[in-house]
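Contents: one structure, followed by commentary.
The values are calculated or read from the model by the stated rules, or taken from the named source; none is laboratory data. Because the structure is a prediction, the values reported are computed rather than measured. Virtual Cβ from ideal backbone geometry, glycine too; neighbours counted across all protein chains shown. When the accessible area is computed, the model is the full protein with side chains, heavy atoms only, and any ligands, DNA or RNA have been set aside. Shrake-Rupley method; radii C 1.70, N 1.55, O 1.52, S 1.80 Å.
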Amino acid sequence: MVAMEKADSLMEQAASVSLQDIGNLVQFDPRPIDSSEFKKDADSFLKNACTLGTQLLINNLFNLPVEKVDDVVIAKLPAPSTLLPREKPVPKEKPLTKWEQYAKLKGIKNKKKSRKVWDEVSKTWKPTWGYKRVDDSTKDWLIEIKKNEDPNQDFFTKRTQERNERVAKNELQRLRNIARSTKKKVPGVGATPAVLSENPDKLKLKKALNIAKKADASMSKFSQKLENEDKVTKGLGKKRKFESNYGDIKNEKEKQLKLFEKLSSTKDKSSKEKLNIEKATNKYIQSENAEKSSGKKKITKRSKMGGGQKKRKFGKKK
């Protein structure tokens with residue numbers, strides 16, 4: 001009885017002083033901590049304080065108006081009184097895609113489809129779209145051939161290719177929507193943005209044509225050539241040829257001699273690679289004189305630092 005009375009008195013004391021924000025489910029106890037009790041047993045002191053605060057919060061929750069949702073009783077929380085800071089900024093609204101803009105302009109409303117549909121063939125519930133969807137034509141073991149189609153071609157491979165093309169088209173459309181929303185250049189088809197910039201010139205268009213031609217499996221070996229293609233892409237995509245390291249010594253000697261004759265010849269005055277012997281000799285003499293003068297300066301500095309020793313003269317003994 002004494003313990004119950006003590007607990008009730010503590011509850012009344014805490015209720016008269018404590019602050020609550022039921023909207024955020026927060027309980028504040030502004031009373032100062034009793035240092036003597038805390039030093040005796042810190043764990044039990046904190047446990048009792050938390051139990052008291054939680055009990056007060058639950059008592060106030062039961063006083064709130066309630067409603068029944070799906071056979072469950074729910075309390076209506078009031079608006080929070082404490083403004084809590086956000087960790088991250090408020091998310092921006094997602095920009096509308098091209099189709100969403102068109103639908104909004106024309107007033108088209110999307111009809112909600114059920115997630116699963118009853119399949120009469122398998123007698124099971126199947127997803128409306130996606131993996132293992134109902135009426136999946138890509139899983140049929142029999143394909144109907146139309147009158148105007150070639151019966152000798154592989155229709156199963158054709159069906160797989162068409163499916164892959166649809167997937168690639170959807171992915172391209174998704175990337176275009178992202179580029180449009182971020183106000184970047186929308187990527188095109190047939191050339192990469194790195195090749196075709198905002199102001200494409202003749203050379204960049206040639207490079208784009210060369211890249212597109214070599215994008216197939218045969219590296220444009222069996223692809224059909226366009227009109228005047230050789231003239232347009234002349235010199236593009238050719239590999240440089242280097243001579244082997246173990247070449248003919250005679251040919252190397254002739255090349256070196258030709259290069260020396262070209263440098264030393266005075267006949268071709270327009271040649272910029274001509275060797276000027278006078279200029280080269282003068283430059284060499286100047287560099288030698290500069291080295292000598294710098295050497296003399298070093299010697300004179302050392303003699304000054306030597307403490308001014310007097311030179312001794314050695315003559316004949318009388």
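Each of A75, T51, S114 was placed along the dipole of segment 49-154 (beta-carbon charges, centred on the mean Cα), and the one lying farthest toward the positive end is A75.
Surface analysis of segment 1-113 yields an accessible area of 92 Å² per residue, using protein heavy atoms and a 1.4 Å probe.
Backbone phi angles across segment 281-291, fed through the Karplus curve with coefficients 6.51, -1.76 and 1.60 (θ = phi - 60°), yield HN-Hα couplings of 5, 4, 5, 5, 5, 4, 5, 5, 4, 5, 5 Hz in residue order; Gly and Pro are listed as x.
Remark: segment 148-162, residue by residue, has Karplus-estimated 3J(HN,Hα) of 8, 9, 7, x, 8, 7, 8, 6, 5, 5, 4, 5, 5, 5, 5 Hz, where x stands for each Gly or Pro and the curve is 6.51 cos²θ - 1.76 cosθ + 1.60 at θ = phi - 60°.
Of the heavy-atom accessible surface of segment 1-138 (probe 1.4 angstrom), what whole percent is carbon and sulfur? Whole-percent figure for carbon plus sulfur exposure: 59. Taking amide H as placed 1.01 Å from N in the peptide plane, the amide H of V117 sits under 5 Å from that of K126, T128, each at least 5 places away or on another chain.
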